[in-house]
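Below is one structure, written out as structure tokens, with a few remarks after it.
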Amino acid sequence: MIQIKPAVKYGKITTNSIVENIVGENILIVSSKTVWNKSYLKDVISNISEKYKIKVYTHVRPNAPFSDLQKIIDENSNSKPTSIIAIGGGSVIDACKALSVAFSKASISDLFYKKASMPKSSIQLIAIPTTAGTGAELSFGAIIYDDVNCVKGGLRGEIIQPNVVFIDAELYQTAPKKLIAEVGFDCLTHAIETYISVKSCGITEYQSLAAIKTVLEFLPKAVNGEIEGMKQMSIASAMMGINLAYSSTCLPHRIQYIIGPLTNTSHAQGLIALYKGWIPLIAQNKSKSKLNQLESDLGGNIDLVDEIHQLKEKLDLNYSITSLGVRQDQIEKIAFSTNGSVQNDPIFQDNRTIIKILEKSL
């Protein structure tokens with residue numbers, strides 16, 4: 001059953017709207033440093049600083065490393081937060097989703113490696129996304145990184161979905177143009193993959209179609225600073241968060257979890273590079289991969305592979321895994337290290353499929 005939640009509030013964020021959704025008096029805020037320093041949210045929070053006990057952290061790095069999360073847990077062990085506010089992109093929101101269950105008896109490590117079951121309850125979580133791409137604000141997953149053992153993976157479960165989401169397109173414009181372009185492409189990958197995944201359904205397919213059309217038309221406008229483009233992208237990203245909760249991504253995401261830590265590159269950069277190899281293989285298997293159906297549903301007169309190529313050209317996103325730092329002699333090890341729900345990709349057969357994708361992505 002698909003049940004679309006939580007509450008999503010669209011538009012300018014006010015002190016009253018924040019207060020209405022706070023539980024208790026101990027407020028933990030994790031924010032992107034840039035957004036915290038450049039947006040109006042700092043003033044919104046300062047208006048409640050006398051009424052609540054507030055701690056602000058701006059140190060969380062990309063991929064939400066364990067050590068960054070543990071610093072917050074350790075410093076708040078004697079005064080557990082009653083509400084958490086996440087202000088930032090996917091890494092910040094995923095970090096806060098993990099933190100919302102991390103103050104239980106189970107450690108982050110035990111939850112990550114499934115040595116412990118997810119708690120039955122979580123801390124009230126308010127998500128304020130500032131990049132339009134990951135859809136982390138509405139998904140059931142939190143991608144984090146064990147920076148000691150160099151393992152990237154995730155916590156999953158409806159319990160870590162935020163309780164309320166605020167979307168204000170103005171906040172998304174605090175990001176650099178290149179980041180807007182990269183994470184916007186991430187949104188496109190979610191739309192394509194949740195459509196063709198073997199776990200897709202009618203609702204996720206419908207939302208994917210809308211998101212694909214939105215990204216192709218409005219991402220270049222958002223990168224150029226047009227507020228209407230950013231508004232449309234913010235909606236598409238949130239929709240794909242819902243899709244991620246009820247469908248699945250495909251092989252590019254599984255492989256990126258390996259090459260990201262290996263090359264110290266972002267999630268979006270890895271996906272852009274891997275689409276260089278994955279999309280041509282999808283095109284070679286149009287019937288099996290549902291690409292025929294997808295192109296038909298998009299209007300019938302579209303070559304999606306060509307559209308993706310043109311978008312990457314327009315936004316200067318012609319990355320390869322070579323440009324990210326992957327060497328030919330690392331391909332086999334990467335392929336055999338790739339795990340997770342690889343069978344959700346319609347063209348997956350065995351590790352040779354992953355090797356083909358990597359070789360075409362060089």
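The values are calculated or read from the model by the stated rules, or taken from the named source; none is laboratory data. These numbers were taken from a predicted model, which means no experiment stands behind them. Backbone-built Cβ (ideal geometry, glycine too); neighbour counts: all protein chains shown.
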Residue match in region 181-198 (condition: surrounded by fewer than 16 Cβ atoms within 10 Å (Cβ to Cβ) and assigned to a helix (DSSP H, G or I)): no
Any pair with Cβ under 7 angstrom, 6 or more apart, that starts in region 266-277 at a residue that is of a type in the set (A, V, I, L, M, F, W, C) and ends at one that is not in a helix (DSSP H, G or I): Ala268/Gly133; Ile272/Leu317; Ile272/Tyr319; Ala273/Tyr319; Ala273/Ser320; Ala273/Ser361; Leu274/Ser361
Condition check for Lys42: under 19 Å from Tyr172 (Cα atoms) and touching a helix residue (DSSP H, G or I) at 6+ places or on another chain (Cβ under 7 Å): yes
Answer residue from region 101-117, given it is assigned to a loop (DSSP other than H, G, I, E, B) and either among the polar types (S, T, N, Q) or in contact with a strand residue (DSSP E or B) (Cβ under 7 Å, 6 or more places away or on another chain) (or both) and is surrounded by the most Cβ atoms within 10 Å (Cβ to Cβ) among those: Ser104
Flag for Ala222 being part of a helix (DSSP H, G or I), over 17 Å from the mean Cα position of the chain (by Cα) and without any contact (Cβ under 8 Å) to a residue 40 or more places away in the chain: no
Residue selected from region 77-99 under the condition polar (S, T, N, Q) and at pLDDT 95 or above, by the criterion nearest to Leu171 (Cα to Cα): Ser83
Only one of Leu311, Leu291, Leu281 that is surrounded by fewer than 18 Cβ atoms within 10 Å (Cβ to Cβ) and farther than 30 Å from Pro65 by Cβ: Leu281
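One line per residue, one yes/no per condition, for (1) touching a His at 6+ places or on another chain (Cβ under 9 Å); (2) outside the structural domain of Ile29 (by TED's automatic domain parsing):
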position	(1), (2)
Gly141	no, no
Ile160	no, no
Phe185	no, yes
His190	yes, yes
Glu205	no, yes
Number of positions in region 1-54 that are free of Cβ contacts under 8 Å to residues at least 60 places away in the same chain, under 25 Å from the mean Cα position of the chain (by Cα) and assigned to a strand (DSSP E or B): 2
